[in-house]
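Worksheet: the structure to be examined is printed underneath.
The values are calculated or read from the model by the stated rules, or taken from the named source; none is laboratory data. The model shown is predicted, which means the values in this text are computed figures rather than measured ones. When we count neighbours, we look across all protein chains shown, and the Cβ atoms used for this are built from the backbone with ideal geometry, even at glycine. Protein only, heavy atoms only, side chains kept; ligands, DNA and RNA dropped before computing areas. Shrake-Rupley method; radii C 1.70, N 1.55, O 1.52, S 1.80 Å.
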Amino acid sequence: MKDATLISVVTPIYNGARFIKDAYGCLCRQTYPNWEWVVVDDGSTDETREMIRHLGASDRRISYTWQPGSGAAKLPRDRAVFQSRGELLLPLDIDDRLDDDYLQRMLERMTDTNADIVYPKMVFVDIDSGKTTQTLPHADFDTSQVYEGRKLVRETIPEWHIGCNGGLYRRQVWGNIYWLEEHEPIWVYSDEVDERHYLLLAHRVAFADTCYYYQKHGLSITKKISPKIFHVLKTNNLLLDLIQQHFGTDSEEYRLANQKVLYGWHSMAIEYLKHFEQLTDADGQILIDLRQAFARIDVSLLAWQERLRFLNLCNEKLLLLAMALRYSPKWIAERIAQHLSPSYYHNTVLRKRSELAMARQIRHSYENAPENPSFRPYAISMFCGNIAGGGLVDRLRGAISLYAACKEAKGHDFKLYFTHPFPLADYLQPNVYDWTMKQDELTFAPTQAQAVIADTMTDTRQESERQRQHFMQQLHTHDGKQLHFYSNAIFSYDQDFAALFAELFRPSARLQASIDKARRSLGSHYITVSARFCNLLDDFNEETYSEPLPRAGQKLLLDACLGQVERLHHRHRDELILICSDSETFAQKAQTLTYVRVIPGTVSHIGNDTTHHYEYYEKTFIDFFLIAQAQKAYLLKSAKMHNSGFPYAAARVGRKSYEVIAIDL
């Protein structure tokens, strides 16, 4: 192999701006100079794009591509491999680091051994604690030997010792590039299954005496508690399928993979029981994944000690209950309450949990805050980034509800402090009532300000009345203080929502110009069809609501929704159909129909994003006002699709008819 061999360093990135400078510096310090850095951005909303492009302007070795978020590293990594030019590939995560002679030593070892894959020493670094741990090659492993890839598969089971990060690969063994074609949903840990594929394709595998530093920190997906960490359950099932296919069910590899499924289920069940309060939206899906993983375990392959420890694995619910007695009796109490009285569960258990979590989030804003002599005793609807505020409609209905309460209570000036992730005044201006306030009128001092938390759990009349009474009580009790309402309350829906909205808001001049332009393209006769897929079609990363469907399920749901669009066309032959959806796949497919229109722009959800430029969110507001001005608004809703309040609120603002169409699969 010649010294001129190009090494393609491939990096998936998502909101990794804080790590870019160090990663680039790490590459620039390499003693081997002939490398390219291929970066694929998986839908970042921070300054990643600007930083990488700035570096690329002065260094031609850098290439950058942006794509909509997939929620996992595999898809952008595979795309980076596809776009790379080198004979050799080296995956590098944006937050990891290499020894300065890393590329040189890896290439020398590959040249000397004629290996298809060369692995480094993998050193795990916990940035928060400073603790380091080295995995394979461990002390008893002979790194001087060259191994057949198939034989190394056993070294990865049941514990995970070899990862694709930092390995040096010949391009021909990178056998699972799914990017260009349709693909099954990709899980966070699916690259672990891919790595076994690469080993099965590799005739010769060697190890080099150089270190790859895998850095774990508070932002790491594998460290923080989120629905994504439970994807390991799916990964273990896929691994079991792979081992069965290549080694058979009588092999030691299969026995170890079966054991991995068992202990993966056990560890994830513990994580779920310990942290279930943080996983409310994904609770149902996690329980399904746990159940499916448990069903894959072959009891006959386990030692009798394992069978005894896990109650002979005869009943998953009983075993989970036994574990809950040890790790979380509270989970049992909540499940009983949920089963006996769902309304009680929502209105007491879930509400208390949610509001306590919100109180913890905002506490830092009020602790030791200095008094402000210029503060005014306003009642303020707060959306300033110190707590999750939900989507646009969640925020607007909360603000309008407080405005309605202030009008009823009298004597309280209503203000709206909406500054995160963008200033609301960029899109909506005060209309009849001036809800704006000056920064120096705001106070967080405990002696001057009182936080009021009211999180909506259901959309019942009882819920609406409970919130209204809560607001009125706070307005009457804390006279003279500045009241900060953190709420997405819904009780304004029971009053004249359209009139209240019109008193508070009108589009800014810039937004109105965009709305007028869209109206000219649509004309005066059109209907709207909204559909909130979240991540069912694997194109809008919002896993707290739903996991991607299998490919066949995606096609079935997509075809059913498109069929409803066609049926609506037959009902409204004289109107165009405007599609307002979080799925670009659905919008693009529907747009092939001559009577369908889609407003161009970025599909976003302000409850998930942290972007700070105007164009990113404009489409959300344009769609809202176009729904309000349509002849009629429809929402497509299947059992798994999210019941979006966006078209409902917009239709109420425009005093237009609204209908939910059930999608039966």
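How big is Rg to Rh over the chain, alpha-carbon atoms, Rh as the Kirkwood inverse-mean-distance radius?
That ratio is 1.00, to two decimals.
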Computed accessible area, LYS640, all protein chains, 1.4 angstrom probe, square angstrom: 130
From DSSP H assignment alone, runs of 4+ in the chain each adding -39500 (n - 2.57), the sum over residues rounded to the nearest 500 puts [θ] at 222 nm at -12500 deg cm²/dmol
Name the residues whose placed amide hydrogens come within less than 5 Å of the amide hydrogen of GLN429, ignoring near sequence neighbours (fewer than 5 apart) on the same chain. ARG506, SER508
Keeping every protein chain in place, order LYS228, LYS637 by accessible area at 1.4 Å, biggest value first, i.e. largest first. LYS637, LYS228
Probe of 1.4 angstrom, ligands and nucleic acids ignored: what's the accessible area per residue over the stretch 284-429, in square angstrom? 50
Percent antiparallel among DSSP beta bridges with both residues in the chain, to the nearest 5? 20
So which aspartates and glutamates pass the test for LYS517, namely a Cα distance under 16 Å, with those fewer than 8 places away in the same chain ruled out? GLU615, GLU618, ASP623
Filter the cross-link list LYS21/LYS234; LYS216/LYS317; LYS555/LYS637; LYS234/LYS317 down to pairs whose alpha-carbon distance in this structure exceeds 23 Å. LYS21/LYS234; LYS216/LYS317
Per residue and in Å³, how big is the convex hull formed by the alpha-carbon atoms of the stretch 270-349? 94
5 angstrom amide H check on LYS632, placed H, neighbours 5+ away: THR528
Distance (nanometres) between label positions extended 7 Å along Cα→Cβ at THR249 and ILE332: 3.5
Could you order LYS407, LYS481 by accessible surface area, starting with the largest, using a probe radius of 1.4 Å? LYS407, LYS481
Euclidean distance between Cα centres, the stretch 425-480 to the stretch 345-390, Å: 10
Surface accessible to a 1.4 Å probe, GLU371 within the full protein complex, Å²: 120
With all protein chains present and a 1.4 Å probe, how do SER300, SER492 order by accessible area, largest first? SER300, SER492
Using only protein heavy atoms and a 1.4 Å probe, report how much of TRP66 is accessible, in Å² to the nearest 10. 90
Relative contact order for the stretch 563-654 using alpha-carbon pairs under 8 Å, separation at least 6, rounded to a whole percent? 19
Positive-end extreme of charge dipole, the stretch 450-530 - chosen from ALA502, LEU475, SER487 (charges on Cβ): ALA502
